[in-house]
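The values are calculated or read from the model by the stated rules, or taken from the named source; none is laboratory data. Here the structure is a predicted model, which means the values were calculated and not measured. Don't worry about glycine lacking a Cβ; one is built from the backbone with ideal geometry, like all the others, and counts go over all protein chains shown. Keep in mind that these areas ignore ligands, DNA and RNA; they rest on the heavy atoms of the full protein, side chains included. Shrake-Rupley method; radii C 1.70, N 1.55, O 1.52, S 1.80 Å.
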Amino acid sequence: MAKKALKKKALPAKAANGHDTQHAVEQFLFRQAEVLDGKRWQDYIDLFSDDGVYWMPASPEQTTWDGTPAIFAEDKNLMTVRMKRVQHPDAWSQRPLWGTNHIVGNVMIEKTAPNGDLVVRSRFHMMELRRDATRHFAGSYLHHLKKTPGGYRIRLQRVDMVNAQAPYDYVLQVWV
Amino acid sequence: MLQQHTPNPAELVEPDRVHKAVYTDPQLFDLEMERIHERVWIYCGHETQVKKPGDYYTVQVGRQPMIMVRDAGGRVNVLYNRCPHRGSMICGDVHGNTGEAFRCSYHAWTFHHDGKLKTIPMMEAGYAGTNWTRDNPDCNMKQAARVENYRGFVFASLAADGPGLLEFLGPSKIAFDDICDRAPEGEVEVVPNCFRVIQNSNWKIFLENQLDALHPSVTHQSTGRAAHEVEKMIEKRTGKAPLAYHMLSAFATVTIDKWDNFQTLNYPHGHCILTGYMGLRPQDPDTLAYEKTLTKAYGAKRMEEILSTNIHHVLIYPGLSLQSPLQQLRAVRPLGLNRTLTEIWHFRLKGAPEPIYRRSLAYYNLVNSPSTMVNADDLENFWKIQVGLSGDGGDWVSFARHYGRDIENNGVVETAAGMGTSEAPMRNQMKAWAQYMTAGN
Ligand code: FES
Ligand SMILES: [Fe+2]
């Protein structure tokens, strides 16, 4: 009963401030890209909820990260391993100059839950420089966002790269 | 002719060092393809990659584009990916199902799954009076000279002569026995996903690294440390960290001085085994349940034997690395002098409980995927080696560590106790290399 009442209330509210939600979500995604390109690893991890997962499927047909091959399937603990590794002075492959640049766009809110949680789809293009070589990765993000008093937190980020199936000239070292 | 343009392979390999030309000379690379990769047994794929008739997977053997295909009779054939008419490639996709026959996209010649010609459009009228008749073998897609399958693992040799597959594998066949025997049903099934990663280095550099017991604690220090820190953090919070952390932290907890405790066993033809170091037989409920299933299938004694097989991984020269206890397989395909493709697969043990598969999956995702925190630093080393060797800073590469101290027994070279970091595997590989390269000279 209570649920029903909530829904009724939530609907007009969403219509009224739909634009604000779009704006807030875009800001969130842009900020995530900014944090990533700025190599602020801990800030990046903090954007995830405690049960959050960063997932890059091995193939586009996959529907869950659990129990299937994945290019990334990391909870916050594994993300912390990755962060600590990249920061370690003896991460030999990470010492030479490298950097990334993300552009995020085509942001579409796919689902809005009564409690404000969202499912958001977007597209990205990432250019990476490693030593003297440039690589490009592009694809789509699917964010399951949880609304918290401190702002959105990522419960699940699914990353489908269009070139995920192509052979990798070298490998991926941090999240895309 | 040959001697004028190509360095003489016999002069490049000494017992404890090799000349850098073996990694940097383009003519030697061509000779390697001719005398090694296009002669010896090369792994094509697992038969469960092609389950139904018409299922195919393309694969590179030496410089040759090939097709592995299942026929209606259940046999797995390996064919050259070339149309006998005007030479077009038959399969343009990496894998798929070709239906009842292969059909060339240029003029629609069709072929059975064993490569035999099926139809040519208007053949009678078009070829009357020529020798292009149905019984002319020139009308067929060419088959690999020899194909053999050991416990589901399909190999091809492009040379009609030479040792059979089992003779070639010798004691290294234990890799396939170990991976299959760990399955209660005695078989494995491929997980249909292949990660493909390019190495910007010569193919031999990867193979030499596979059994290099001195490098892990140096090269993989950062990941080992990071994983160990988080592992301890989780243990503090919940009492127990997932096994995946142990797989990574072992790189730091097994310090450089401990690697001499392991052993490599080096066999004819360049094959080699590195004994286990990860201690993957914890006594948790999942492992115990698995042991129970195995005991039911094989009896207690055999179960013990199977699970105490002491292997980290097995290298089958010149292009396959099999990590049987974790069901990982890496096939190495040289694409050029300093460009090498690795194809990375993992397997399910048929009949084993799901949590055992999850271990293999965790290793596949963390260590062998394109986001690997381990191989990333190996690849960096391989590239640096390739660049280092192309300069004039020195002519020789040293494999002298613990040279003269290995123990030789019936053609098997074992590293001596406390000398596991011996560069015996590299010496053994280069010995095989020199034998192949000088055969028939
Ligand atoms: S090239 Fe294949 S049918 Fe002509
Ligand atoms: Fe390594």
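A few comments on the model shown:
- Whichever residue in segment A:75-105 is touching a Lys or Arg at 6+ places or on another chain (Cβ under 9 Å) and free of Cβ contacts under 8 Å to residues at least 24 places away in the same chain and, among such residues, is farthest from the other protein chains (Cβ to nearest Cβ): A:Gly105
- Helices (runs of 4 or more DSSP H) lying entirely in segment B:111-218 (those with 3 or more residues that are within 16 Å of ligand 1 (Cβ to nearest atom) and surrounded by fewer than 22 Cβ atoms within 10 Å (Cβ to Cβ)): B:123-127
- Subset of segment B:369-384 that is away from ligand 2 (no atom under 13 Å from the Cβ) and crowded, with 20+ Cβ neighbours inside 10 Å - its residue that is nearest to B:Ala226 (Cα to Cα): B:Ser371
- As for segment B:253-276, it holds no residue that is away from ligand 2 (no atom under 16 Å from the Cβ), open to solvent by less than 10 Å² (accessible area, probe 1.4 Å) and within 14 Å of chain A (Cβ to nearest Cβ).
- You will find that of B:Phe168, B:Phe155, B:Phe195, the residue that is more than 25 Å from B:Leu265 (Cα to Cα) and in contact (Cβ under 8 Å) with a residue 24 or more places away in the chain is B:Phe195 and no other.
Here's the yes/no breakdown for (1) touching a residue at least 60 places away in the same chain (Cβ under 8 Å); (2) of a type in the set (Lys, Arg):
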residue: B:Leu79; (1), (2): yes, no
residue: B:His112; (1), (2): no, no
residue: B:Cys139; (1), (2): no, no
residue: B:Lys142; (1), (2): yes, yes
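- Count of segment B:328-344 residues which are under 21 Å from B:Leu274 (Cα atoms) and open to solvent by less than 10 Å² (accessible area, probe 1.4 Å): 6
- Total residues in segment B:68-95, condition away from ligand 1 (no atom under 14 Å from the Cβ), under 25 Å from the mean Cα position of the chain (by Cα) and exposed (fewer than 14 other Cβ atoms within 10 Å of the Cβ): 3
- Taken as a whole, segment B:211-223 holds at least one residue that is within 13 Å of ligand 2 (Cβ to nearest atom), under 18 Å from the mean Cα position of the chain (by Cα) and of a type in the set (A, V, I, L, M, F, W, C).
- Restricted to segment B:403-420, and to residues there that are part of a loop (DSSP other than H, G, I, E, B) and open to solvent by less than 30 Å² (accessible area, probe 1.4 Å), the residue that is farthest from ligand 1 (Cβ to nearest atom) is B:Ala416.
- Those residues of segment B:283-309 which are surrounded by 13 or more Cβ atoms within 10 Å (Cβ to Cβ) and assigned to a loop (DSSP other than H, G, I, E, B), in sequence order: B:Thr309
- Selection status of A:Arg155, farther than 22 Å from A:Ser49 by Cβ and either touching a strand residue (DSSP E or B) at 6+ places or on another chain (Cβ under 7 Å) or more than 9 Å from every other protein chain (Cβ to nearest Cβ) (or both): no
- Residue count for segment A:102-113, restricted to those that are open to solvent by less than 80 Å² (accessible area, probe 1.4 Å) and of a type outside the set (A, V, I, L, M, F, W, C): 3
- So B:Ala400, is it surrounded by fewer than 22 Cβ atoms within 10 Å (Cβ to Cβ), away from ligand 2 (no atom under 16 Å from the Cβ) and in a helix (DSSP H, G or I): no
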